[in-house]
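The values are calculated or read from the model by the stated rules, or taken from the named source; none is laboratory data. In this text, all values refer to a predicted model and were calculated from it rather than measured experimentally. Heads up, the Cβs are rebuilt from the backbone with ideal geometry, glycines too, and the neighbour counts pull from every protein chain shown. These area figures cover heavy atoms from the full protein model, side chains too; ligands, DNA and RNA do not enter into them. Shrake-Rupley method; radii C 1.70, N 1.55, O 1.52, S 1.80 Å.
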Amino acid sequence: MKKVLGIGAALCLALSAAFAWSANDMRKDDYLEHQIRRGYEIVPPGVKLNLQDKNRALVGLGSYIVNTSGCIDCHSHPSYLPGGDPFQGQREIINASEYLSGGRTFGPEITAPNLTPDHAGKPAGLTRREFIETLRSGHNPKDPAGQILQVMPWPTFGKKTEADLAAMYEYLRAIPSLPDNSHPGP
């Protein structure tokens, strides 16, 4: 019996060691490369990236951050196609035709804005500096002085590194430009 327990314990330890992941096991560059690669893997089907004149590593990292941080929950309406809502137990199918074009409403006064590039290629019409400052301060420079974004979780996003926020911006520069969502709703 002791021998069986000893073999079982040794097997458990070996499997734990084989499958355990630790930040110490992976070099910083490898970890970043995994995030970049994963970012490209999770670009929603139907969203064609324009990588011309873009930093490919930043686009991949930006996709990783944007697509794992719930941005579509507010900035796409509806977020999922009919029959593709994971909250209904369905296989996720993101609504690529409205991807990040805004439209989620919060009461009668607030509608999440379009984050896709404008005619000049600027996401939400903001320069990179304005975008980063908006996520740090909660104030969109297009809004009147003193007005703070009430629904956007900018206090959380504002804690991200400058490089993370720049990556988000670069990814948003690479997604297709779309008109403002024509059918906003809750």
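How much length, in nm to one decimal, is gained on full extension between residue 30 and residue 52, taken as 0.36 nm per residue of separation minus their Cα-Cα distance?
On the way: separation 22, 0.36 × 22 = 7.92 nm, distance 2.50 nm.
Length difference between fully extended and current span is 5.4 nm.
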Checklist entry - Between region 50-86 and region 123-186, how many Å separate their Cα centres? => result 14 Å
Item to check | Computed [θ] at 222 nm, deg cm²/dmol, the chain (DSSP H ≥ 4; -39,500 (n - 2.57); rounded to nearest 500) | outcome: -12500 deg cm²/dmol
Checklist entry - Based on the alpha-carbon gyration tensor of region 30-76 and its eigenvalue square roots a ≥ b ≥ c, which shape applies: rounded if a/c is under 1.5, prolate if not and a/b is larger than b/c, or oblate? => result oblate
Checklist entry - Modelled label-to-label distance, residue 145 and residue 73, 7 Å Cα→beta-carbon offset: nm? => result 3.5 nm
Checklist outcome for this item: Among (1) 1.01; (2) 1.13; (3) 1.28, the value of Cα Rg over 2.2 N^0.38 Å computed for this structure carries the label (3)
Next on the checklist: Starting from 0.36 nm per residue, how many nanometres of slack lie between residue 110 and residue 90 once their C-alpha separation is accounted for?
Outcome noted: 4.3 nm
Next on the checklist: Charges on Cβ only, +1 for Lys and Arg, -1 for Asp and Glu, centred on the Cα centroid of the chain; of 94, 58, 74, which one is farthest towards the dipole's positive end?
Outcome noted: 58
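Restricting things to alpha carbons, find the Rg to Rh ratio for region 31-140 using the Kirkwood radius for Rh.
Using only Cα positions, Rg/Rh for region 31-140 is 0.97.
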Checklist entry - Averaged per residue, what accessible surface does the chain expose to a 1.4 Å probe, in Å²? => result 61 Å²
Checklist entry - So how do 68-76, 148-156 stack up, highest first, on mean other-Cβ count within 10 Å? => result 68-76, 148-156
Item to check | Isotropic mean projected area of the C-alpha convex hull, region 105-186 (nm²) | outcome: 5.7 nm²
